[in-house]
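To start, the structure under review is shown below, and the notes come after it.
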Amino acid sequence: MSLNLYKLARPFLFSLEPEAAHDLTLSQLARTQNTLFDSAYSQPWVPDPIELAGLQFPNRVGMAAGLDKNARCIDGLGAMGFGFVEVGTVTPLPQPGNDKPRMFRLPDAKALINRLGFNNEGLEAFVANVKRSQFRRQGRLLGLNIGKNAHTPIGKATDDYLIGLSGVYEHADYVTINISSPNTQNLRSLQTDQALDSLLSALNERKQALAEKHQRRVPVFLKIAPDLDDDQVAVIASSLLKHQMDGVIATNTTLSRDAVQGMKHGAETGGLSGAPVLAASNRVIRLLRHQLGPAFPIMGVGGILSGYDAVSKIEAGADVVQIYTGLIYKGPALVHEVAKSLQQLAQN
């Protein structure tokens, strides 16, 4: 939707229960993408190419994973002006996620809390939807985000990630390993030293085999949490370099509630996203850039609700950015605003 159309639609959407509004929006995107009706939300294209992880990104603003878990709306999201779109998180088998209600708005903080729990239709349906999309044929990039099933013991999590990597590899421009959602029990324990070393070693071995099989190298990114101290970030950075990972996405949602104490829904369990995450995400990006050096690819995500916020991510050390919650509060015009701000930054 254009800015004016979204201003008209938002009061109605915000009158609905958050997950109902989410599902309605995705249904409409799926129904209208690649038709004349996508003009209701399409945005002017902003070229701002950058080479990263061996890929040519058409501009530096992407759609973060989590909005379109089943890859139903890739082309609709692409019409909004994203240079790259990331969909998922997908798990090997379908799963319903956590009990409802599991999504909450905090409008005063321009934030959301969700505890969805990787609700998705599974890898087979996900890949079928990806194959139907036209987005990659337009020269833009598609990231596919993979996770583990809730019923898979954490000790066998690597098996799920290997299944996911094998399943999405040939259909992706890059693959994201999500070990940082707070809504799957013990998932964030995979960010610790020994567990991360074991996971990345297995993934790297599988990635090499898949590259030989498909005669094509697909970069693999790791998505991490904002709730990490300096030493934990240093451990992750060391592991990324040791295993020659292609990049890192910083960050996922936060467990901190400092910025939303006393607000309605502020004490709900789950991951907090939106404006309150900006500073924490930028802190992790700065630490990563210091640890990883100037050339290691970093995607910055968390708390972008304006072009200014996006610029702060680049200044912290990110190469490109992703948005999600900002899209819900500001609408598709935010994509154009962010892309334009980053284009101007690159030209200065």
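No lab work stands behind these numbers, since they all come straight from the coordinates. Note that this is a predicted model, so its numbers are computed, not measured. Quick reminder, even Gly has a Cβ in these numbers, built from the backbone with ideal geometry, and neighbours come from all protein chains shown.
I'd like the residue in region 238-266 that is in a helix (DSSP H, G or I) and touching a strand residue (DSSP E or B) at 6+ places or on another chain (Cβ under 8 Å) and, out of all such residues, is nearest to E86 (Cα to Cα).
L240
Looking only at residues in region 168-203 that are among the small types (G, A, S) and either at positive phi or more than 19 Å from the chain's Cα centre (by Cα) (or both), which one is surrounded by the most Cβ atoms within 10 Å (Cβ to Cβ)?
A195
Just to check your reading of the model, which residue among D227, D197, D231 is touching a strand residue (DSSP E or B) at 6+ places or on another chain (Cβ under 7 Å), free of Cβ contacts under 8 Å to residues at least 60 places away in the same chain and either more than 23 Å from V87 (Cα to Cα) or in a loop (DSSP other than H, G, I, E, B) (or both)?
After applying the criteria, what remains is D227.
Residues of region 56-87 being under 15 Å from E124 (Cα atoms) and either out of contact with any helix residue (DSSP H, G or I) (no Cβ under 7 Å at 6 or more places or on another chain) or of a type in the set (S, T, Y) (or both), which ones?
K69
For region 263-270, check the following and say yes or no: at least one residue is in contact with a helix residue (DSSP H, G or I) (Cβ under 9 Å, 6 or more places away or on another chain), of a type outside the set (S, T, N, Q) and without any contact (Cβ under 8 Å) to a residue 60 or more places away in the chain.
Yes; the residues of region 263-270 include at least one that is in contact with a helix residue (DSSP H, G or I) (Cβ under 9 Å, 6 or more places away or on another chain), of a type outside the set (S, T, N, Q) and without any contact (Cβ under 8 Å) to a residue 60 or more places away in the chain.
Have a look at N59, N149 and point out the one that is touching a residue at least 40 places away in the same chain (Cβ under 8 Å), in contact with a Pro (Cβ under 9 Å, 6 or more places away or on another chain) and under 26 Å from L278 (Cα atoms).
Answer to the selection: N59.
How many residues are in a loop (DSSP other than H, G, I, E, B) and under 15 Å from G274 (Cα atoms) if we restrict to region 300-327?
6
Return the residue satisfying two criteria in turn: it lies in region 43-78 and is within 18 Å of L24 (Cα to Cα) and over 16 Å from the mean Cα position of the chain (by Cα), and of such residues it is surrounded by the most Cβ atoms within 10 Å (Cβ to Cβ).
Selected residue: G76.
Within region 129-157, can you find the residues that are outside any loop (DSSP other than H, G, I, E, B), of a type in the set (S, T, N, Q) and in contact with a helix residue (DSSP H, G or I) (Cβ under 6 Å, 6 or more places away or on another chain)?
Selection gives nothing.
Take the residues of region 310-325 that are small (G, A, S) and surrounded by fewer than 24 Cβ atoms within 10 Å (Cβ to Cβ): which is farthest from V284 (Cα to Cα)? Write out each step before concluding.
Of region 310-325, the ones small (G, A, S) are 310, 312, 316-318.
Those left that are additionally surrounded by fewer than 24 Cβ atoms within 10 Å (Cβ to Cβ): 312, 316-317.
On the way: S312: 13, A316: 9, G317: 10 Å.
Filtering first and then ranking leaves S312.
If you check every pair at least six apart or on different chains, which have Cβ atoms under 7 Å apart with a residue in region 234-253 that is under 17 Å from A202 (Cα atoms) first and a residue that is among the acidic types (D, E) and not in a strand (DSSP E or B) second?
Going by the 7 Å Cβ cut-off, the qualifying pairs are S239/D197.
Going residue by residue through region 273-288, is there one that turns out to be in contact (Cβ under 8 Å) with a residue 40 or more places away in the chain, of a type in the set (S, T, Y) and in a loop (DSSP other than H, G, I, E, B)?
Among the residues of region 273-288, not one is in contact (Cβ under 8 Å) with a residue 40 or more places away in the chain, of a type in the set (S, T, Y) and in a loop (DSSP other than H, G, I, E, B), which makes the answer no.
Say whether the condition of being free of Cβ contacts under 8 Å to residues at least 24 places away in the same chain, of a type in the set (G, A, S) and not in a strand (DSSP E or B) is met by at least one residue in region 158-176.
The answer is no; no qualifying residue exists.
Does region 328-339 contain any residue that is in a helix (DSSP H, G or I), small (G, A, S) and surrounded by fewer than 23 Cβ atoms within 10 Å (Cβ to Cβ)?
Yes: one or more hits.
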